[in-house]
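Enquirer: This is the structure I want to talk about, given as structure tokens.
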Amino acid sequence: MKIIQKLQTIPFVTKFLLNHYAPYRGAGIQIESIELKKYAIRVKMPLTRQNRNIVGVHFGGSLYSMVDPFYMLLLMHHLGPRYIVWDKAADITFLAPGRGTVYAHIQLSAGEISKIKDLAEDHTPIHRQYSLNIVDDAGTRIAEVKKTLYIRLKKTKALT
């Protein structure tokens, strides 16, 4: 395993790298916590001049961006390098204007990882759909995001 890949398995390092990723810094997106053993990531985004739209609330693209990669990252971490994991589709429904800090909690489970391994054991591609809410400080749902991920166990290379 390359050193950078090994470092990325350490939650503190992953959090640091993501919090310094230019698009996230520009939008004000902050990873609050990464708890790989609990299959969870918590993200927040305060309303700033950089992520405010023309009517003064959170820009929809920033709302989606704050949750975009995390199911894929959690799955890649827990499934390991023997699996291909790709974002396949996404849908965001805006429910209320975001006027302050907004939060998202991305969560999987050990059971979900086990189920994926069972479904993918014959190398057949599978699609899993996940939903999450983006909420404000009061718990009001600002947006609902649905993500569909493509997952497949890689085929072993034949020895020649």
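Enquirer: If you scan the range 71-83, which residues turn out to be out of contact with any Leu (no Cβ under 8 Å at 6 or more places or on another chain) and over 16 Å from A110 (Cα atoms)? Walk me through it before giving the result.
Expert: In the first step, residues of the range 71-83 are kept if they are out of contact with any Leu (no Cβ under 8 Å at 6 or more places or on another chain); the result is 73, 76, 79-81.
Within the range 71-83, P81 is the sole residue that qualifies.
Enquirer: Filter the range 24-41 for residues that are part of a helix (DSSP H, G or I), among the aliphatic types (A, V, I, L, M) and surrounded by 18 or more Cβ atoms within 10 Å (Cβ to Cβ) and give the result.
Expert: Listed by number, the list holds a single entry, A27.
Enquirer: Which condition from (1) over 30 Å from R152 (Cα atoms); (2) at pLDDT below 95; (3) open to solvent by 60 Å² or more (accessible area, probe 1.4 Å) is the one that F94 breaks?
Expert: Looking at each condition in turn, F94 falls short on (2).
Enquirer: Next question. I'd like the residue in the range 7-23 that is modelled with pLDDT of 80 or more and part of a loop (DSSP other than H, G, I, E, B) and, out of all such residues, is most open to solvent (accessible area, probe 1.4 Å).
Expert: Per the criteria, the residue is Y21.
Enquirer: Another question, then. Of all residues in the range 97-111, count the ones that are free of Cβ contacts under 8 Å to residues at least 24 places away in the same chain and either open to solvent by less than 10 Å² (accessible area, probe 1.4 Å) or in contact with a helix residue (DSSP H, G or I) (Cβ under 8 Å, 6 or more places away or on another chain) (or both). Give the derivation first.
Expert: Let us first name the residues in the range 97-111 that are free of Cβ contacts under 8 Å to residues at least 24 places away in the same chain, namely 111.
Narrowing the set further to residues that are either open to solvent by less than 10 Å² (accessible area, probe 1.4 Å) or in contact with a helix residue (DSSP H, G or I) (Cβ under 8 Å, 6 or more places away or on another chain) (or both) leaves none.
Adding up the residues that qualify gives 0.
Enquirer: Restricted to the range 43-59, and to residues that are assigned to a strand (DSSP E or B) and open to solvent by 50 Å² or more (accessible area, probe 1.4 Å), which residue is modelled with the lowest pLDDT?
Expert: R52
Enquirer: Additional query: Grab the helices (runs of 4 or more DSSP H) fully contained in the range 60-160, keeping just those with 1 or more residues being under 29 Å from A22 (Cβ atoms).
Expert: Fully inside the range 60-160 and qualifying: 60-65, 70-79.
Enquirer: Here's a follow-up. Yes or no: F59 more than 27 Å from P11 (Cβ to Cβ), touching a Lys or Arg at 6+ places or on another chain (Cβ under 9 Å) and of a type in the set (F, W, Y)?
Expert: For F59, the condition - more than 27 Å from P11 (Cβ to Cβ), touching a Lys or Arg at 6+ places or on another chain (Cβ under 9 Å) and of a type in the set (F, W, Y) - is met.
Enquirer: Another one. For the range 118-134, state whether one or more residues are more than 30 Å from K44 (Cβ to Cβ) and among the basic types (K, R).
Expert: Among the residues of the range 118-134, not one is more than 30 Å from K44 (Cβ to Cβ) and among the basic types (K, R), which makes the answer no.
Enquirer: Related question: Could you go through the range 114-136 and let me know if any residue there is acidic (D, E), touching a residue at least 24 places away in the same chain (Cβ under 8 Å) and closer than 20 Å to I34 by Cα.
Expert: yes
Enquirer: Sort out which residues of the range 119-150 are charged (D, E, K, R), buried (at least 18 other Cβ atoms within 10 Å of the Cβ) and farther than 15 Å from G98 by Cβ, and write them in order of number.
Expert: R128, K147 - these are the residues of the range 119-150 that are charged (D, E, K, R), buried (at least 18 other Cβ atoms within 10 Å of the Cβ) and farther than 15 Å from G98 by Cβ.
Enquirer: If you don't mind, there's one more thing I want to ask. Restricted to the range 73-86, and to residues that are buried (at least 17 other Cβ atoms within 10 Å of the Cβ) and touching a residue at least 12 places away in the same chain (Cβ under 8 Å), which residue is nearest to A27 (Cα to Cα)? Before the answer, list the steps.
Expert: Restricting attention to the range 73-86, the residues satisfying the condition of being buried (at least 17 other Cβ atoms within 10 Å of the Cβ) are 73-79, 85.
Right, trim to touching a residue at least 12 places away in the same chain (Cβ under 8 Å) and you get 73-75, 77-79, 85.
Details: L73: 20, L74: 22, L75: 25, H77: 25, H78: 28, L79: 30, V85: 26 Å.
Applying the filter and picking the extreme gives L73.
The values are calculated or read from the model by the stated rules, or taken from the named source; none is laboratory data. Bear in mind the structure is a predicted one, so any value in this text is a computation, not a measurement. Neighbour counts are summed over all protein chains in view; Cβ atoms, including those assigned to glycine, are modelled from backbone coordinates with ideal geometry. When the accessible area is computed, the model is the full protein with side chains, heavy atoms only, and any ligands, DNA or RNA have been set aside. Shrake-Rupley method; radii C 1.70, N 1.55, O 1.52, S 1.80 Å.
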